[in-house]
Structures are given as structure tokens and as C-alpha cells.
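Report on one structure; see the data block that follows.
The values are calculated or read from the model by the stated rules, or taken from the named source; none is laboratory data. If you're wondering where the values come from, they're calculated on a predicted model, not measured in any experiment. Note that we place each Cβ from the backbone using ideal geometry, even for glycine, and neighbour counts take in every protein chain shown.
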């Protein structure tokens, strides 16, 4: 594993959040030619990563717990404005709350939301949202 202070290079970066998933995620990253693999909490690692990566070439994949993302993480994404945010959720109510925060003031636009019924005959549904940074915001500020 690489130290979090390592310089980021162009290419693929990964952050694994759950200890039980880190081993598998590291093996997958190695097979996919991931140049940097960091294990830890997103709130600890993401701020540093996002300052080193060009926002117009960055996609952030969020897969938060049922309670949704921390407000600080959402505000960080609104401030840094990566080109794309993919949000995966098992709780549509918290996903809606978080997407409202991310899309407030036109910072991000929802390109697509796809519900996935992975557990038929239950009330559980996974949702994946594709958010894109709104270039209109930059143009309006000029």
C-alpha cells in the first residue's frame, strides 16, 4: 500500500473504505493497472486527493452507508467540483437528500438515476446516480 502523502499521477486512483474490503479492492486495483491505491476513510483521504487531481479529469465514486454522506464531504465536492460524481445508494431517502445538496445552486446536474432491484420481492432497492459538474456555473460567474 502507498502512503497517503505520495504524489498522485495521472491515471486511476482508488480509496477503499471498509477494512474487510481493502484486500479485495487492492487485488482488483492491481489487476486494473491502478497506479495508486489508498486504504482509509474517505473523509481523511479525499480532501488531499482532490487538491492534487485536476477536477475536469476526475470522477468520484461515492457508496456511503445508509445514513448517507457526511455534510463535510458533500460541501467538499461542491467546492472542488470534479467533472463527475457517481453516487451509489441502498437508501433512496438519504440519496435524495444528498443529491439535493450536491445539485443546489446548479453546481451539479443529474444526468441519470438508475434503480436496481437486486433483491426481488423485498422493499430494498439500490440506486445509482450520475452527476455531472455544471459548466454553466463557470460561464455565469464570468
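Things worth noting here:
- Which listed residue is at pLDDT 95 or above and under 13 Å from the mean Cα position of the chain (by Cα), from 63, 130: 130
Residue-wise test of (1) in contact with a helix residue (DSSP H, G or I) (Cβ under 6 Å, 6 or more places away or on another chain); (2) buried (at least 17 other Cβ atoms within 10 Å of the Cβ); (3) over 23 Å from residue 48 (Cα atoms).
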site: 63; (1), (2), (3): no, no, no
site: 68; (1), (2), (3): yes, yes, no
site: 86; (1), (2), (3): no, no, no
site: 93; (1), (2), (3): no, no, yes
site: 96; (1), (2), (3): no, no, yes
site: 114; (1), (2), (3): no, no, yes
site: 119; (1), (2), (3): no, no, yes
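- Figure legend. Inter-residue proximity from region 51-64: first residues on the phi > 0 side of the Ramachandran plot, second residues part of a loop (DSSP other than H, G, I, E, B), beta-carbon distance below 8 Å, spacing 6+ or different chains. No pairs are indicated.
- Condition check for residue 109: in a helix (DSSP H, G or I) and at pLDDT 95 or above: no
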